[in-house]
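Here's the structure, in structure tokens; my notes come after.
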Amino acid sequence: MAVLIKILLSFIKIGAFSFGGGYAVLAVIQKEIVNVNHWLSNKDFIDVVAISQVTPGPIAINSATYVGYTIKGILGSTLATLGVVLPSFVIILIIARYFTRFSDKPAVKWMFKGIRPASIGLIAAAAVSVAEGSFIDVYSWLIFLLAFILTYKDFDPILLTIISGILGIIFYYQPLHALFRL
Amino acid sequence: MTKRLIQMFLVFFKIGAFTLGGGYAMVPLMKKEIAGKRKWLSDEEFVDILAVAQSAPGPIAINTSVYVGYKMGGFIGSIVATLGSTLPSFITILLIAMFFTTIKDQPLIEAIFKGIRPAVAAMIGASVITLLKSAKIKSGALTVTFLAAVAIIVFNLHPILVIILAALGGISAMAISGGEERGSTD
């Protein structure tokens, strides 16, 4: 029971402070799930991000559903997903009812002058911590460089994820190596 | 009304099911389905909603669903729309989680993810560069980006604290400048 409430609260926190799109939320999710609550290892967290790249839906929802399930089954995943949606739900309904021109308010504009550049910093931090769990040898650097250049050139992220998975099999799948040594 | 709600649910379900790669990918499809094809809202209304969805916390796709749902069917409408756009990813990820937790230690799966992990780092890293370029960030804002990154990476600060500090920083900048909107600092 206590863990269910903890899941709900943690994901409410994540939902309430996700600004600046999917990647910026990663820093918050990772802090809560990996560092504070130790629900997933950093490696497992990166795998959830990878799965999110090739499945529909926002990354915050995807990781909520996944993490919730790994901690406490279907009930856990339902609560985590509910938690991450709840702040959006409440805040948007309040804005829709009472502040129709919310985003034109000077205080909101100035707040975002602070948040917008900071959220890019959050993305940079997410990139660093994902990299920490990802570089195991020279092949991972090769994949990193290739993926970095291709992403910069606007290459499709889904295709890129598939290609790097195939490269993973070529570089790391031992039975394949054994086959070619025959 | 019930028919309209069912229709809404199906449209949002479709939007949730067919947009790969996160929230921003959902927006063009939403616009097409809601403002374009069905004329449930005007283009201007949709743009206004989008502005709010971007400046409120939470995934943009969810925010937009809540708002559009509310505009079209009140409180019930917002629940129906949000449920519709969330369910596809919920079901997909739940199935993957059930399956993946049983196979993730297999050598083949482990090899695939060893390949994908550095690519994920690269995709996130490259988006930092793209964002910095597209936002045409001035040196003052660049300092904020740098400080935020250092605060988290080096000093291990909670990202939520960093967001709060950045928001407070923005608001105190408004107080210092006398509340005047200066377009050049964007």
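Each value in this text was obtained by applying a stated rule to the coordinates, not by laboratory testing. Since we're looking at a predicted model, the values are computed, not measured. All Cβ positions, even for glycine, are placed from backbone atoms using ideal geometry, and neighbour counts span all protein chains on display.
Over the stretch B:108-178, the pair-distance histogram of Cα-Cα distances with 5 Å bins from zero comes to 3, 13, 15, 19, 19, 12, 8, 5, 3, 2, 1, 0, 0 percent, rounded to whole numbers. Distance from the Cα centroid of the stretch B:50-107 to that of the stretch B:137-177 is 29 Å (rounded to whole angstrom). Along chain A, counting only trypsin sites (Lys or Arg not before Pro) with a DSSP assignment other than H, G, I, E or B and at most 14 other Cβ atoms inside a 10 Å radius, the longest segment between sites is A:1-100. The stretch A:57-81 and the stretch A:84-160 have Cα centres spaced 20 Å apart.
Could you pull out the trypsin sites (Lys or Arg not before Pro) across the stretch B:1-50 that fall in loop regions by DSSP (anything but H, G, I, E, B) with no more than 16 other Cβ atoms inside 10 Å?
Numbers: sites: B:LYS3, B:ARG4, B:LYS14, B:LYS31, B:LYS32, B:LYS37, B:ARG38, B:LYS39; in loops: B:ARG38, B:LYS39.
Here the trypsin sites (Lys or Arg not before Pro) that fit, given the DSSP loop and packing criteria, are B:ARG38, B:LYS39.
The label-point distance for A:SER41 and B:LEU20, in a model that sets each label 7 Å from Cα toward Cβ, rounds to 2.8 nm.
The distance between label points at B:LYS39 and A:ASP104 comes to 2.6 nm (points 7 Å beyond Cα on the Cα→Cβ vector).
Among A:PRO106, A:PRO87, A:PRO157, whose mean-square fluctuation peaks in a Gaussian network model of chain A (Cα, cutoff 10 Å)? So, out of A:PRO106, A:PRO87, A:PRO157, the one fluctuating most is A:PRO106.
Which FRET efficiency, nearest 0.05, do A:LEU4 and B:PHE99 yield, Cβ-Cβ r, R0 25 Å? Let's see the in-between values first.
Numbers: r = 23 Å, r/R0 = 0.93.
Rounded to the nearest 0.05, the efficiency is 0.60.
Considering only alpha-carbon pairs that sit under 8 angstrom and 6 or more positions apart, the relative contact order computed for chain B is 18 percent.
The three principal axes of the C-alpha atoms in the protein assembly as shown carry coordinate ranges of 71, 52, 44 Å, sorted with the longest axis first. State the answer as a single residue: which of A:PHE155, B:PHE155, A:VAL128 lies farthest towards the positive end of the charge dipole of the protein assembly as shown, with beta carbon charges of +1 for Lys and Arg and -1 for Asp and Glu, about the Cα centre. Value computed over the given set: A:PHE155. Loop only by DSSP, 13 or fewer other Cβ within 10 Å of the Cβ. Give me the chymotrypsin sites (Phe, Trp or Tyr not before Pro) in the stretch A:90-165 that pass, ordered by residue number. Listed in order of number, the matching sites are A:PHE99. Which of these, B:ALA81, B:ALA141, B:ALA175, has the largest mean-square fluctuation under a Gaussian network model of chain B (Cα springs below 10 Å)? So, out of B:ALA81, B:ALA141, B:ALA175, the one fluctuating most is B:ALA175. Here's the picture: a label point sits 7 Å out from the Cα of B:GLN7 along the beta-carbon direction, and within the stretch B:30-45 the residues with their amide nitrogen under 18 Å of it are B:30-43.
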